[in-house]
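The structure under discussion appears below in the form of structure tokens.
The values are calculated or read from the model by the stated rules, or taken from the named source; none is laboratory data. None of the values given here were measured: they were computed from a predicted structure. Here the Cβ positions follow ideal geometry from the backbone for every residue, glycine too, while neighbour counts run over all protein chains shown. Just the protein is used for accessible areas: all its heavy atoms, side chains included, with ligands, DNA and RNA removed. Shrake-Rupley method; radii C 1.70, N 1.55, O 1.52, S 1.80 Å.
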Amino acid sequence: MAANVTPQGCGPNLDSLYYNLCDLSAAWGVVLEALAAAGVVFSFVLFLSLLSSLPFMQEKSRRRSMPLEACFLVFTCGLFCLTFAFIVKKDFCTCASRRFLFGVFFGGCFTCLLMQCVRLNFLARSNHEPKVWTLCLGALALWLVEVVINTEWLIITVVRNPQGILNSTAVDSRATAAPCNIANQDFVMALIYVMCLILAVVVASLVIMAGKVSQWKKHGAFILFTIVVTVGIWVAWIVMYVYGNQRHGWPTWDDPTLTIALVANAWVFLLFYTIPEFCCMTSEDESQQDFGEDGYHNRGVGYETILKEHSSQNIFIENKAFSMEDTTQGSKPMSPYSGYSGQVRSSVYQPTELALITKAHLAESTRNTTIPRASTAYAAHSESSAPPLHSEIGNPAYIQTNGNSGNGVHRNSHW
């Protein structure tokens, strides 16, 4: 009857299979359940954000990585969902799902990371990436290998040990179902292929750091840091699951150990890879689309910018601020800056105020000066006689006299 007592926090009609989900005395189930539920919601929000940002991505390399990123998020969400199968107690369904889906979901995450490493290695060396369908097919092929391995292993173990009561002292027959009757060492050995994928991701991410194009090394650093932390988590839970719990007499800590490994590794995938990668993609895409309010690129439009752009071609842009002056030629005084062409100050003659005043006085005096005109006496003389020679004009003896009789000009000799 003590075994049928409902734990604190659970309802009276709840099946004992789900006591770990609500038992307040066993806080590990409640805490890990909350973390797993938050991870499911967060993964779903990131998945929707990734799909909604796809139409706004201009760079082709970003768009080509979206299928692998989406698949990685799906498998990560699967890890959070699988956590509930490890929190509840054992029966045929939960044990079968544990043994099969543990390697399948982790294998899917690591194959996506491995294909991302292959893609980044191409970009870091030649700035050229393979086709997206080849990467997706490669990830699918590697993932199907793990699916086949887990399927065969599960079928063989279930057929060899059919469902039944293997321990006569057991109170609940669900604890001795065939999928649950498996040693911890066998569970770990079934994950050898997944460990090989982890090793491949470590090597591939290290090779990215040796590439030539530094732009893609940052993305490789995200994968490298994520996989290093993952290796630490896997080493910790394998040691505890195989040796630590049995040596210290904690067989009841087998399920909490696997549950902690699932939740911790799934959050590492989100925090150390998915979120930084998503932020990096969106920030770089916004920097490439740096437009102003009018739809054009933000750039300097000052006079200094124009001179810098056209200095190599020796093109001088007319300054519109000075071209507003009236350029009509007339009696109106013209602005000294009307002919401003944008040249350097040292190469353009700029008159001072004193020079302008002096020039104005000279122009006024020139307009007041009378032009000498020919007299009528000279005109009459030109009609009556031949024009004097040049030598005679320069001779002082050549004197022109005008009488009052009005007969014209008379030449008197002084000799």
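Values for this structure:
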item: Filter result (closer than 20 Å to Ser97 by Cα, among the hydrophobic types (A, V, I, L, M, F, W, C) and in contact with a helix residue (DSSP H, G or I) (Cβ under 6 Å, 6 or more places away or on another chain)) within segment 189-201; result: Ala190, Leu191, Val194
item: Residues of segment 21-50 classified as among the acidic types (Asp, Glu) and either open to solvent by less than 40 Å² (accessible area, probe 1.4 Å) or in contact with a strand residue (DSSP E or B) (Cβ under 6 Å, 6 or more places away or on another chain) (or both), total; result: 1
item: Residues of segment 46-92 satisfying the condition of being farther than 21 Å from Cys109 by Cβ and not hydrophobic (A, V, I, L, M, F, W, C); result: Ser52, Ser53, Pro55, Gln58, Glu59, Lys60, Ser61, Arg63, Lys89, Lys90, Asp91
item: Count of residues meeting criterion [surrounded by 15 or more Cβ atoms within 10 Å (Cβ to Cβ) and touching a Lys or Arg at 6+ places or on another chain (Cβ under 9 Å)] in segment 131-160; result: 6
item: Segment 117-142, residues that are in contact with a His (Cβ under 7 Å, 6 or more places away or on another chain) and of a type in the set (A, V, I, L, M); result: Leu120
item: Residues (in contact with a helix residue (DSSP H, G or I) (Cβ under 9 Å, 6 or more places away or on another chain) and more than 18 Å from Phe269 (Cβ to Cβ)) located in segment 219-242; result: Ile238, Met240, Tyr241, Val242
item: Check on Gly9, assigned to a helix (DSSP H, G or I) and open to solvent by less than 60 Å² (accessible area, probe 1.4 Å); result: no
item: Residue that is modelled with the highest pLDDT [pool: residues in segment 245-269 that are more than 26 Å from Val201 (Cβ to Cβ) and open to solvent by less than 10 Å² (accessible area, probe 1.4 Å)]; result: Pro256
item: Unmet requirement for Lys217, which otherwise passes all of (1) surrounded by fewer than 19 Cβ atoms within 10 Å (Cβ to Cβ); (2) at pLDDT 90 or above; result: (2)
item: Residue within segment 51-71 that is closer than 26 Å to Thr94 by Cβ and either modelled with pLDDT of 90 or more or not hydrophobic (A, V, I, L, M, F, W, C) (or both) present; result: yes
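Matching residues to (1) open to solvent by less than 30 Å² (accessible area, probe 1.4 Å); (2) touching a residue at least 60 places away in the same chain (Cβ under 8 Å):
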position	(1), (2)
Ser52	no, no
Arg64	no, yes
Leu68	yes, yes
Leu79	yes, yes
Phe106	yes, yes
Cys109	yes, yes
